[in-house]
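A short write-up of the structure that comes next.
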Amino acid sequence: MNYFRLCSVVISRLEFLGKTLLLLFLFSSFQLSAQTDSLLLSLQNSKHDSTRLRICLSIAAQQTNNNLDTTFFYCDKAEAFARKMNNPKGIADAQFQRAYAVYYSGNGDSALVMYHNLLGDYRSLGDSGGVAGCYNKSGFIYREQGDPARALENYHQALKSNLNEANKTEAGNSYLNIGLIHHDQEEYKDALKFELMGLAMYEQAQDKNRTANALLRIGNVYLDTKQDSSALVYYQKSFAISQEIGSNRLIAICLNNMAMIYTNWGEPKRALGLYKQALVMREKIGDKNGKALVLNNIGDLYTILGQPDSGIYYANLGLNLAKDIGYKDMEMTSYLSLALTYKSMGNFEKSYEYYIKYHTVYVAINNEKSTTEINRLNTSLEAERKQKQIELLFKEGELREAAYQQERTKGWFLAL
């Protein structure tokens, strides 16, 4: 009885949340505008280049979560002020912030080059926090590109350079990102341990933006371990802080992740509404990585709703964007979504075609199996035997539903 009462309370709260989202968006936009206006006024009234540099960096950091074009503009202004003052630390910080925006605009390789170059600058300045930051950001990108070993190497380098956790924020980044690697390996106990350590670092640093991100990641662990109610608690905490600080990116992530809970609870129409709001926000801030993920999630939901043509349309939009920006994890997931959608339509030829594409990318990313099996299958499928082999594939693996479930749970998105 208590269990059902708990479920009822949780669902009632979610219903209230759904009805008030629009008001929260309006409040967030107003709050963000007020914060930006205040910084712009301070910039206009400032008489010292050092103050102008600091303000431009603050605006750039704030707008990375809301408008990447604005971020680039103020990174340029910050660097100009730093060069005018011959301030190498200011120059490096402006370029660091620019690399962050470059990544989210869909240019991960360019961002990696920028972070690599900045390592030398921060080392020459004796800035261990800057060095740790470059390693942490690089590790995050490597992980998104499907190279977890290289990602983990960078995270440990970040911890090594940040002696005695002198920089609490970067220590938090390292712990949180190491937790993410454990999460990818389905080592959930270790994932939760490291992510809670990261959360503690952020709280000590009084960094609300990263605290909100840590709460999201912890929620993701609970979501993947089928503890939806606990996941929702952490998503709601993150959502509240994201509203407080006016971060459109984090708000979009919360919407995406809460939509997954609605899906799990058999409310796909509500989930679809949240995904579409998240998509609008991703487009608004120019976040191509996040846009690719949400498009694929929308495609999955249309398939659940019995509208496979719409599912294929959105999955292809997400797939094409993922390929354009080199987002391998999302490319792989999109192929699998398409395979399952075509399977639901009874189109086994198309389903098999996309499954092969999925598996090829999966092998390339995880480096766990040889591609010779795929090559053999592709070359040996004679016309008269193709349907038989397709049927055998479904019988033996049922399109590797377990693999799909694993990949689908990666539908949540992370902040860098």
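The values are calculated or read from the model by the stated rules, or taken from the named source; none is laboratory data. Bear in mind that the values here come from a model prediction, so they are computed numbers and not experimental data. Using ideal geometry, Cβ is built from the backbone for each residue, glycine included, and neighbour counts are taken over all protein chains shown. For accessibility, only protein heavy atoms count, side chains too; no ligands or nucleic acids. Shrake-Rupley method; radii C 1.70, N 1.55, O 1.52, S 1.80 Å.
Could you give every pair whose Cβ atoms fall below 8 Å, whose first residue belongs to the stretch 67-88 and is under 28 Å from residue 284 (Cβ atoms), and whose second residue is outside any helix (DSSP H, G or I) and among the hydroxyl-bearing types (Ser, Thr, Tyr), counting only separations of at least 6 or pairs across chains? As it stands, the answer is 68/105; 71/64, since those pairs meet every condition given.
When you go through 257, 297 one by one, which is the residue that is touching a residue at least 60 places away in the same chain (Cβ under 8 Å) and either acidic (Asp, Glu) or open to solvent by 10 Å² or more (accessible area, probe 1.4 Å) (or both)? Lay out the reasoning, then the answer.
Numbers: 257 fails: either acidic (Asp, Glu) or open to solvent by 10 Å² or more (accessible area, probe 1.4 Å) (or both).
After ruling out the rest, the residue left standing is 297.
Given the structure, is residue 291 assigned to a helix (DSSP H, G or I), open to solvent by 10 Å² or more (accessible area, probe 1.4 Å), in contact with a Lys or Arg (Cβ under 7 Å, 6 or more places away or on another chain) and in contact (Cβ under 8 Å) with a residue 24 or more places away in the chain? For residue 291, the condition - assigned to a helix (DSSP H, G or I), open to solvent by 10 Å² or more (accessible area, probe 1.4 Å), in contact with a Lys or Arg (Cβ under 7 Å, 6 or more places away or on another chain) and in contact (Cβ under 8 Å) with a residue 24 or more places away in the chain - is met.
Inspect the stretch 190-209 for any residue being touching a residue at least 40 places away in the same chain (Cβ under 8 Å), under 28 Å from residue 331 (Cβ atoms) and assigned to a helix (DSSP H, G or I) and give the result as yes or no. First the steps, then the outcome.
Of the stretch 190-209, the ones touching a residue at least 40 places away in the same chain (Cβ under 8 Å) are 209.
Remaining after also requiring under 28 Å from residue 331 (Cβ atoms): none.
Scanning the stretch 190-209 turns up no residue that is touching a residue at least 40 places away in the same chain (Cβ under 8 Å), under 28 Å from residue 331 (Cβ atoms) and assigned to a helix (DSSP H, G or I).
Could you look through the stretch 143-152, keep only residues that are open to solvent by 40 Å² or more (accessible area, probe 1.4 Å) and at pLDDT 90 or above, and pick out the one that is farthest from residue 185 (Cα to Cα)? Talk me through it step by step, then tell me what you get.
Applying the first criterion (open to solvent by 40 Å² or more (accessible area, probe 1.4 Å)) to the stretch 143-152 yields 145, 147-150, 152.
Then drop every residue that is not at pLDDT 90 or above, which leaves 150, 152.
Numbers: 150: 15, 152: 12 Å.
If we take residues in the stretch 143-152 being open to solvent by 40 Å² or more (accessible area, probe 1.4 Å) and at pLDDT 90 or above, then 150 is farthest from residue 185 (Cα to Cα).
Per-residue answers, yes or no, for (1) open to solvent by 60 Å² or more (accessible area, probe 1.4 Å); (2) of a type outside the set (Val, Ile, Thr); (3) not in a helix (DSSP H, G or I):
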position: 70; (1), (2), (3): no, no, no
position: 91; (1), (2), (3): no, no, no
position: 98; (1), (2), (3): no, yes, no
position: 117; (1), (2), (3): yes, yes, no
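Name every residue in the stretch 42-68 that is in a helix (DSSP H, G or I) and under 26 Å from the mean Cα position of the chain (by Cα), in order of residue number. Before the answer, list the steps.
So the first thing to find is which residues in the stretch 42-68 are in a helix (DSSP H, G or I), and the list is 42-45, 49-63, 68.
Answer for the stretch 42-68, where residues must be in a helix (DSSP H, G or I) and under 26 Å from the mean Cα position of the chain (by Cα): 56, 57, 58, 59, 60, 61, 62, 63, 68.
Taking the stretch 100-115 as the range and being outside any loop (DSSP other than H, G, I, E, B) and among the small types (Gly, Ala, Ser) as the test, the residues that pass are 101, 108, 110, 111.
Of all residues in the stretch 222-251, those that are of a type in the set (Gly, Ala, Ser), open to solvent by less than 10 Å² (accessible area, probe 1.4 Å) and at pLDDT 95 or above total 2.
Look at (1) more than 18 Å from the chain's Cα centre (by Cα); (2) farther than 24 Å from residue 212 by Cα; (3) of a type in the set (Gly, Ala, Ser) and you find that residue 334 fails only one, number (1). Taking the conditions exactly as written (open to solvent by less than 20 Å² (accessible area, probe 1.4 Å), under 26 Å from residue 228 (Cβ atoms) and part of a helix (DSSP H, G or I)), does residue 315 satisfy them or not? Spelling it out, residue 315 is indeed open to solvent by less than 20 Å² (accessible area, probe 1.4 Å), under 26 Å from residue 228 (Cβ atoms) and part of a helix (DSSP H, G or I).
Of all the residues that make up the stretch 89-117, how many are touching a residue at least 60 places away in the same chain (Cβ under 8 Å) and of a type outside the set (Phe, Trp, Tyr)?
5
It is to be established whether one or more residues within the stretch 126-146 are aromatic (Phe, Trp, Tyr), in a helix (DSSP H, G or I) and more than 20 Å from the chain's Cα centre (by Cα). Show your work before the answer.
Here is the first cut: in the stretch 126-146, the ones aromatic (Phe, Trp, Tyr) are 135, 140, 142.
From what is left, the residues that are in a helix (DSSP H, G or I) are 135, 140, 142.
Those left that are additionally more than 20 Å from the chain's Cα centre (by Cα): none.
No, the stretch 126-146 has no match at all.
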